[in-house]
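Worksheet: the structure to be examined is printed underneath.
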Amino acid sequence: MADASKLFRLKVISPDRIFFDDDVEMVEIRTTEGDIGVLKHHIPLTSILAPGILTIKGIAGENENKIAALHDGFVEILQESVTVLAESCEWPEEIDVNRAKEAQIRAERRLKSGDSQVNVARAELALRKSLIRIEVAGKLQAK
């Protein structure tokens, strides 16, 4: 169980729901500057998020850590709280692996085509998002 003196409030909000709202010991997220881990009393920071895995550790009253696929957004880190405004966020059980694999194949095909009409940045982003979904869903199956 989490040590109450180490807990801070984590809120993850997406356009369609409050994805997560509870006290935690640590959160790991990917920003455009790299991966960061946040503990209570972290220096205040605001950053842009990049597609990656959200890892939540030491959830109050629970013994397990949680992971989710986090796709773009912003994070505000204060000493007693962290707020994530996410474009989208998905728990492993919410991910349709077949759909993610199809998106991966489409993105790879667009990138390999050599077609000058292909928006490379958009195709690379689609590929990253599909790979993150596949990885997060795979971690659920590995349990």
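The values are calculated or read from the model by the stated rules, or taken from the named source; none is laboratory data. All of these numbers come straight from a predicted model, not from anything done at the bench. Note that we place each Cβ from the backbone using ideal geometry, even for glycine, and neighbour counts take in every protein chain shown. These area figures cover heavy atoms from the full protein model, side chains too; ligands, DNA and RNA do not enter into them. Shrake-Rupley method; radii C 1.70, N 1.55, O 1.52, S 1.80 Å.
A few comments on the model shown:
- Once the stretch 106-119 is narrowed to residues that are part of a helix (DSSP H, G or I) and surrounded by 11 or more Cβ atoms within 10 Å (Cβ to Cβ), the residue that is modelled with the lowest pLDDT is 113.
- Filter pass, residue 140 being over 24 Å from residue 11 (Cβ atoms) and either out of contact with any Ser or Thr (no Cβ under 7 Å at 6 or more places or on another chain) or at pLDDT 90 or above (or both): no
- For the stretch 31-58, a residue qualifies if it is aliphatic (A, V, I, L, M) and in a loop (DSSP other than H, G, I, E, B), and the qualifying residues are 43, 50.
- Pairs meeting the criteria (first residue in the stretch 1-16 and closer than 19 Å to residue 67 by Cβ, second residue open to solvent by 60 Å² or more (accessible area, probe 1.4 Å) and modelled with pLDDT of 95 or more, beta carbons under 6 Å, at least 6 apart or on different chains) are 11/21; 13/85.
- Put simply, of 46, 55 the only residue that is more than 23 Å from residue 131 (Cα to Cα) and modelled with pLDDT of 95 or more is 46.
- Filtering the stretch 7-22 to residues that are open to solvent by 50 Å² or more (accessible area, probe 1.4 Å) and either within 18 Å of residue 91 (Cα to Cα) or modelled with pLDDT under 95 (or both) leaves 11, 13, 15, 16, 17, 18, 21.
- Every condition in (1) without any contact (Cβ under 8 Å) to a residue 24 or more places away in the chain; (2) assigned to a strand (DSSP E or B) is met by residue 82 except one, and the failing one is (1).
- The one condition in (1) among the polar types (S, T, N, Q); (2) closer than 30 Å to residue 3 by Cα; (3) touching a Ser or Thr at 6+ places or on another chain (Cβ under 7 Å) that residue 81 fails to fulfil: (3)
- Among the residues making up the stretch 64-105, those that are over 21 Å from residue 36 (Cα atoms), of a type in the set (Asp, Glu) and open to solvent by less than 90 Å² (accessible area, probe 1.4 Å) are 94, 96.
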